[in-house]
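Here is the structure we will look at, set down as structure tokens.
The values are calculated or read from the model by the stated rules, or taken from the named source; none is laboratory data. Predicted model only: the values in this text are computed from it and were never measured. Every residue, glycine among them, receives a Cβ derived from its backbone with ideal geometry; neighbour counts consider all protein chains shown. Accessible surface is based on the protein model in full, side chains and every heavy atom, while ligands, DNA and RNA are left aside. Shrake-Rupley method; radii C 1.70, N 1.55, O 1.52, S 1.80 Å.
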Amino acid sequence: MNHDDLRHWSKRAADWAHDYHATLRDRPVRARTSPGETAARLPASPPEQPETPDRIFADFEAIVPQAMTHWQHPRFFAYFPSNASPASQWAEQLANAISAQCMLWQTSPAATEIETVMVDWLRQALGLRAGFRGTIHDTATTATLGAVLTMRDRATGWNSVQDGIFGQAPLRIYASAQTHSSIDKAVRLAGIGQANLVKIATDADFAMDPARLDAAIAADLAAGRVPAGVVLCTGGTSIGACDPIARCIEVAKAHGLYVHVDAAWAGTAMICPEFRALWHGVDGADSIVFNPHKWLGAQFDCSVQFLADPAPQIRSLGLRPDYLQTLDQEEVTNFNEWTVPLGRRFRALKLWFTLRAYGLEGLRTMIRNHVAWTEELAERLRATPGFRITTEPRLSLFTFQYAPSGGDADALTAALLQKVNDDGRIYLTQTSHEGQFVIRMTAGTFDCTRDDVMMVHDVVRDLAATL
Ligand SMILES: *Cc1c(COP(=O)(O)O)cnc(C)c1O
């Protein structure tokens, strides 16, 4: 296959993509395949001789789509969305054609400079104060790892950069029990250790209690441990919990600690001013992460980290070996120094295209619709006999149980979820909340309509009646 073939086959791929999206509503959302089925359809060894594009394409069509879960399906209500707007898909085609490796300004001047401008457009869109700069990572997990590594090195007076943390008194990181497992992963990878991630108890609203945070820090100081940083969440993954950012930052700063805010999902909603109360005080954070690849429509992968001052993170992550030196390095931004991996994709292009193709007002309308439809659905379920709302809607996420009187709510809810996902019209997933098995419902895909969201009510009501 050469570039002339590619011209033909990429047009075929574009046509295929159009038809795929046009027929998504007719497909079951979750893949109907069992483990091993796809692997069994592939030859056990690679071909010795070239194969023709039409054979490759035919196998793709025969094997792949029916064994995929369709994340762009308008009735995908599981996990969090992984939205790919048409404009984003278009940008990815172009970034794909160029296939640049964007590690240095010199290797990707336009990519580096568009990234700088896009991060600033998003800063303004989210209502963050001037002064935050930032970069794009693959995922929030990596951005949070960058922040935790910075907390570690800053807390050791930067000695750990050279000497590691051998012999170092335990470093301590604080987070609420509602924070994402990426924080646990970060403390493990940073060598801080799971035991030194202190999960602060939450209040009745599942938000971190600032007084308990203060007490935990004080107790660690008294015990000779070294507080290093605080990770707060706006929109926790399980039920959408939000920590009181301003009050927790006040406590953290009184102890001189670095603060990272994980708003991977909920950050997108902050393009709507009416939701910003959920992260009131966020301007005081050192680091903030949010994923345009979740709700905004810039497809996976695209995770933006804002930094009040990039210098500490660059001190932890930035290296300039001989082979990466460039003449202009003092005048330009070399984003590999801000991130864990050296190599980087051209991710800013899809942000540029998405923000322009829909405008902030268009994106706000989408977010507001998702939130309003989710609230309407929650009210419908609340009014339906047998159903119980277990956590109230936070933005476009709530949880519920099927709990008819006299039944075992956990078992019935689990059985209902299985039926729903085997049925295929909608896709929902579960979480555990206060020891209960609950179903999470979150609306967020680009093409989702009010009818799609309301169908959740009809599907779960009808299938519950068959249990
Ligand atoms: C999804 C999510 C993450 C992890 O996101 P990745 O980009 O997949 O690493 C972290 N925190 C929160 C709150 C999330 O919702």
### Task
May I ask you to verify whether Thr141 is within 16 Å of the ligand (Cβ to nearest atom), polar (S, T, N, Q) and in contact with a Lys or Arg (Cβ under 7 Å, 6 or more places away or on another chain)?
yes
### Task
Could you pull out the residue among Thr399, Thr326, Thr333 that is under 20 Å from Arg461 (Cα atoms) and among the hydroxyl-bearing types (Ser, Thr, Tyr)?
Thr399
### Message
Just to verify a result, which residue in the stretch 141-156, among those that are of a type outside the set (Val, Ile, Thr) and open to solvent by less than 10 Å² (accessible area, probe 1.4 Å), is farthest from Glu115 (Cα to Cα)?
### Response
Asp153
### Residues satisfying the stated conditions in the stretch 116-139, i.e. in contact (Cβ under 8 Å) with a residue 24 or more places away in the chain, not in a helix (DSSP H, G or I) and not basic (Lys, Arg)
Leu126, Gly127, Leu128, Gly131, Phe132, Gly134, Thr135, Ile136, His137, Asp138, Thr139
### Query
Does any residue of the stretch 162-176 turn out to be in contact with a Phe, Trp or Tyr (Cβ under 9 Å, 6 or more places away or on another chain) and closer than 22 Å to Gly256 by Cβ?
yes
### Message
Can you find, within the stretch 79-96, the residue that is farthest from Arg356 (Cα to Cα) among those that are more than 15 Å from the ligand (Cβ to nearest atom) and open to solvent by 20 Å² or more (accessible area, probe 1.4 Å)?
### Response
Asn96
### Task
Could you tell me which residue of the stretch 157-183 is surrounded by the most Cβ atoms within 10 Å (Cβ to Cβ), considering only residues that are assigned to a loop (DSSP other than H, G, I, E, B) and aliphatic (A, V, I, L, M)?
Ile165
### Query
Of all residues in the stretch 269-296, how many are more than 11 Å from the ligand (Cβ to nearest atom) and of a type outside the set (A, V, I, L, M, F, W, C)?
9
### Task
Given the conditions (1) open to solvent by 50 Å² or more (accessible area, probe 1.4 Å); (2) not in a loop (DSSP other than H, G, I, E, B), report the number of the one that Thr112 does not fulfil.
(1)
#### Entry: Only one of Thr413, Thr399 that is open to solvent by less than 10 Å² (accessible area, probe 1.4 Å) and without any contact (Cβ under 8 Å) to a residue 40 or more places away in the chain
Thr413
### Any hit, the stretch 140-153, residues being of a type in the set (S, T, N, Q) and assigned to a loop (DSSP other than H, G, I, E, B)
no
#### Entry: From Ala130, Ala140, Ala125, residue being touching a helix residue (DSSP H, G or I) at 6+ places or on another chain (Cβ under 9 Å) and farther than 30 Å from His255 by Cβ
Ala125
### Message
Exactly one of these conditions fails for Lys199: (1) open to solvent by 30 Å² or more (accessible area, probe 1.4 Å); (2) of a type in the set (D, E, K, R); (3) out of contact with any Phe, Trp or Tyr (no Cβ under 7 Å at 6 or more places or on another chain); (4) more than 16 Å from the ligand (Cβ to nearest atom). Give me its number.
### Response
(4)
### Task
Go over the candidates Ile217, Ile271 one by one and state the one that is in contact (Cβ under 8 Å) with a residue 24 or more places away in the chain and in contact with a His (Cβ under 7 Å, 6 or more places away or on another chain).
Ile217
### Query
How many residues, within the stretch 353-373, are of a type in the set (A, V, I, L, M) and either farther than 20 Å from His293 by Cβ or at pLDDT below 95 (or both)?
1
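Results for (1) closer than 15 Å to Gly229 by Cβ; (2) of a type outside the set (Ser, Thr, Tyr), shown as yes or no for each residue.
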{"position": "Gly164", "(1), (2)": "no, yes"}
{"position": "Ala175", "(1), (2)": "yes, yes"}
{"position": "Thr179", "(1), (2)": "yes, no"}
{"position": "Asp203", "(1), (2)": "no, yes"}
### Task
Take the stretch 357-375 and flag every residue that is open to solvent by 60 Å² or more (accessible area, probe 1.4 Å) and closer than 16 Å to Arg440 by Cα.
Glu375
### Message
Regarding the stretch 320-336, can at least one residue be identified that is open to solvent by 20 Å² or more (accessible area, probe 1.4 Å), within 19 Å of Arg123 (Cα to Cα), assigned to a helix (DSSP H, G or I) and out of contact with any helix residue (DSSP H, G or I) (no Cβ under 9 Å at 6 or more places or on another chain)?
### Response
no
### Task
Considering only the stretch 409-433, state which residues are modelled with pLDDT of 95 or more, part of a loop (DSSP other than H, G, I, E, B) and not β-branched (Val, Ile, Thr).
Arg425, Leu428
### Task
Would you mind finding the one in Thr384, Thr354, Thr391 that is more than 21 Å from Thr139 (Cβ to Cβ), away from the ligand (no atom under 16 Å from the Cβ) and in contact (Cβ under 8 Å) with a residue 40 or more places away in the chain?
Thr384
### Message
All but one of (1) of a type outside the set (D, E, K, R); (2) in a helix (DSSP H, G or I); (3) more than 16 Å from the ligand (Cβ to nearest atom); (4) open to solvent by less than 10 Å² (accessible area, probe 1.4 Å) hold for Ala215; state the number of the condition that does not hold.
### Response
(4)
### Query
Considering Phe76, Phe57, which residue is open to solvent by less than 60 Å² (accessible area, probe 1.4 Å) and within 16 Å of the ligand (Cβ to nearest atom)?
Phe76
